[in-house]
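Visitor: The structure follows.
The values are calculated or read from the model by the stated rules, or taken from the named source; none is laboratory data. Since the structure is predicted, the reported quantities are computational estimates derived from the model, not experimental observations. Cβ placement follows ideal geometry from the backbone for every residue including glycine, while neighbour counts extend to all protein chains displayed.
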Amino acid sequence: MITALEGTAPSVPALEGVGLRLAYGDRVVADSLDLRIPEGRITALVGPNACGKSTALRALARLLKPSAGAVHLDGRDLTAVSSRELALKLALLPQTPTAPDGITVRDLVARGRTPHQRWWRQWSSADEAVVDRALAATGVAELADRTLDELSGGQRQRVWIAMALAQDTPVLLLDEPTTYLDLAHQVDVLELVRDLNRAHGRTVVMVLHELNLACRYADHLIAMRDGTVVTAGAPTDVVTPELVAEVFDLPATIITCPVAGTPLVIPEGGRRDNAPSSG
């Protein structure tokens, strides 16, 4: 298998946010936020609810315009990249995607090929092959002729991932891709993401809530709290008892996973803010 992880990390990240101020109206979610996404790696944004992970991902995808700072893709300001060029370089699976009523699985996944269409290049057998591979890779090929509203939440999530894969971009952003999935399907999806990275060198950024899965499948973690980056780096460097306590308010023991060799977080008890006061 080809791996994109051999050698040292590139000095220039594929995607970078510098000095970002992110807000919804008057509500500031993050200020002076710096995000460095290593090229060819799997990066996971981790942290408690409402810490700014999904907001940061929206800014990286140009769905949320920073009120200060800038996002760069391959060294270029994202505001200077055309919408079509951006769609050929970066695919986003949002947290709550929507689709037209009655659309079939195959038709939805085929929409991932839209950026590749031009008036002189219409739908081709190559597009059909990409769609077939995306359906097969996510385990939904047998659902291709069913409508999306017939499917379970987990099945729908895999179909949305298939659409993002069909877009066939070098950068893939996934906002909570394991939502609605049972543990077996969570592992299936994350194994798929890792295979895509290893075989094709895709840069992947995921928002994940499950810290142990993030440690197992990501090469690079960005731990956030209250709209700021607490620390970033390899899971073995980032995930410590002190970090888990600081970011999640959770006392924990960290051991080495006997299967993957990655950090495994073992909670010791309740959150610190629920503990009785000593004074």
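Visitor: If we scan the range 139-159, do we find a residue that is closer than 16 Å to A91 by Cβ, at pLDDT below 90 and in a helix (DSSP H, G or I)?
Guide: Yes, the range 139-159 has at least one match.
Visitor: Additional query: Can you tell me which condition V18 does not meet? The list is (1) modelled with pLDDT of 90 or more; (2) farther than 27 Å from H116 by Cα; (3) under 18 Å from the mean Cα position of the chain (by Cα); (4) not in a helix (DSSP H, G or I), and all the others hold.
Guide: Here V18 meets the rest and fails (3).
For (1) without any contact (Cβ under 8 Å) to a residue 24 or more places away in the chain; (2) under 13 Å from the mean Cα position of the chain (by Cα); (3) surrounded by fewer than 16 Cβ atoms within 10 Å (Cβ to Cβ), each residue gets a yes or a no:
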site	(1), (2), (3)
G153	no, no, yes
Y180	no, no, yes
L183	yes, no, yes
N197	no, yes, no
H200	no, no, yes
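Visitor: Still on this structure: Are any residues in the range 175-209 at positive phi and of a type in the set (S, T, Y), and if so, which ones? Lay out the reasoning, then the answer.
Guide: In the first step, residues of the range 175-209 are kept if they are at positive phi; the result is 176, 180, 201.
Once the filter is applied, which keeps residues that are at positive phi and of a type in the set (S, T, Y), the range 175-209 yields only Y180.
Visitor: Filtering the range 27-85 down to residues that are part of a loop (DSSP other than H, G, I, E, B) and of a type in the set (S, T, Y), which residue is nearest to P235 (Cα to Cα)? Please lay out each step first, then the result.
Guide: If we filter the range 27-85 for residues that are part of a loop (DSSP other than H, G, I, E, B), which is where we start, we get 38-41, 47-52, 61-67, 74-75, 81-82.
Now restrict to residues that are of a type in the set (S, T, Y): 67, 82.
Numbers: S67: 31, S82: 35 Å.
By that ranking, first place goes to S67.
Visitor: Let me ask something else. Quick check: is even one residue across the range 162-169 among the aliphatic types (A, V, I, L, M), part of a strand (DSSP E or B), within 22 Å of A44 (Cβ to Cβ) and touching a strand residue (DSSP E or B) at 6+ places or on another chain (Cβ under 6 Å)?
Guide: no
Visitor: Still on this model: Within the group T147, T228, T179, which residue is within 26 Å of D31 (Cβ to Cβ), out of contact with any Phe, Trp or Tyr (no Cβ under 6 Å at 6 or more places or on another chain) and polar (S, T, N, Q)? Walk me through it before giving the result.
Guide: Values: T147 fails: within 26 Å of D31 (Cβ to Cβ); T179 fails: within 26 Å of D31 (Cβ to Cβ).
From the options T147, T228, T179, the qualifying one is T228.
Visitor: Do any residues in the range 55-68 that are modelled with pLDDT under 95 have Cβ atoms under 7 Å from those of residues that are among the polar types (S, T, N, Q), where the two are at least six apart or on different chains, and which pairs are they?
Guide: Matching pairs, first to second residue: L64/T55.
Visitor: For the list (1) part of a loop (DSSP other than H, G, I, E, B); (2) buried (at least 23 other Cβ atoms within 10 Å of the Cβ), I need the number of the one condition that H209 fails.
Guide: (2)
Visitor: Also, quick follow-up: Just for the range 43-54: of the residues that are within 10 Å of the chain's Cα centre (by Cα) and at pLDDT 95 or above, which one is nearest to H72 (Cα to Cα)?
Guide: Across the range 43-54, the extreme among qualifying residues is T43.
Visitor: Something else: Only one of these conditions is not met by L192: (1) touching a strand residue (DSSP E or B) at 6+ places or on another chain (Cβ under 9 Å); (2) not charged (D, E, K, R); (3) not in a loop (DSSP other than H, G, I, E, B). Which number is it?
Guide: (1)
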